[in-house]
1. Is at least one residue of the range 57-75 assigned to a loop (DSSP other than H, G, I, E, B) and in contact with a helix residue (DSSP H, G or I) (Cβ under 7 Å, 6 or more places away or on another chain)?
2. If you check 99, 74, which single one turns out to be buried (at least 16 other Cβ atoms within 10 Å of the Cβ) and touching a strand residue (DSSP E or B) at 6+ places or on another chain (Cβ under 8 Å)?
3. What about residue 6, is it among the hydroxyl-bearing types (Ser, Thr, Tyr) and under 30 Å from residue 92 (Cα atoms)?
4. Among the numbered conditions (1) at pLDDT 95 or above; (2) farther than 16 Å from residue 100 by Cβ; (3) loosely packed, with under 14 Cβ neighbours inside 10 Å, tell me where residue 54 comes up short.
Amino acid sequence: MSTALSPAESEPYRIVNAIRQLAAGRSNAAGSVTLAANAPSTAVAAPNCAAASQVFLFPKTAHAAAELAAGGCYVSAVANGSFTVTHANNAQADRTFAYVCLG
């Protein structure tokens, strides 16, 4: 992940390092979420997410892939610092997705 900088950062090394990390494809806009079992939705804390962001889900397990393929799994809300995934209400505890939140 990239180095977190304050808006007042003045240390050139830290600024350059953060830019190099971004150029290498690293950022704090990605993560992983496992859908809640026995619930119809899962709230995800994503500090770098904003209300106008686009969230993309990528299945990491077979059950997650099946959930996505079934057509009932989608990002139903995006807010500052979080997003919500609506999904099937079942007992599966291994529906894990990678996500990226852009914008």
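The values are calculated or read from the model by the stated rules, or taken from the named source; none is laboratory data. Fair warning: this is a prediction, and the values are worked out from it, not measured in the lab. Here the Cβ positions follow ideal geometry from the backbone for every residue, glycine too, while neighbour counts run over all protein chains shown.
1. Quick first cut of the range 57-75, residues assigned to a loop (DSSP other than H, G, I, E, B) only: 60-61, 70-73.
From what's left, in contact with a helix residue (DSSP H, G or I) (Cβ under 7 Å, 6 or more places away or on another chain): 73.
Checked against the condition, which is being assigned to a loop (DSSP other than H, G, I, E, B) and in contact with a helix residue (DSSP H, G or I) (Cβ under 7 Å, 6 or more places away or on another chain), the range 57-75 yields at least one hit.
2. 99
3. No, not satisfied.
4. (2) is the only condition that residue 54 fails.
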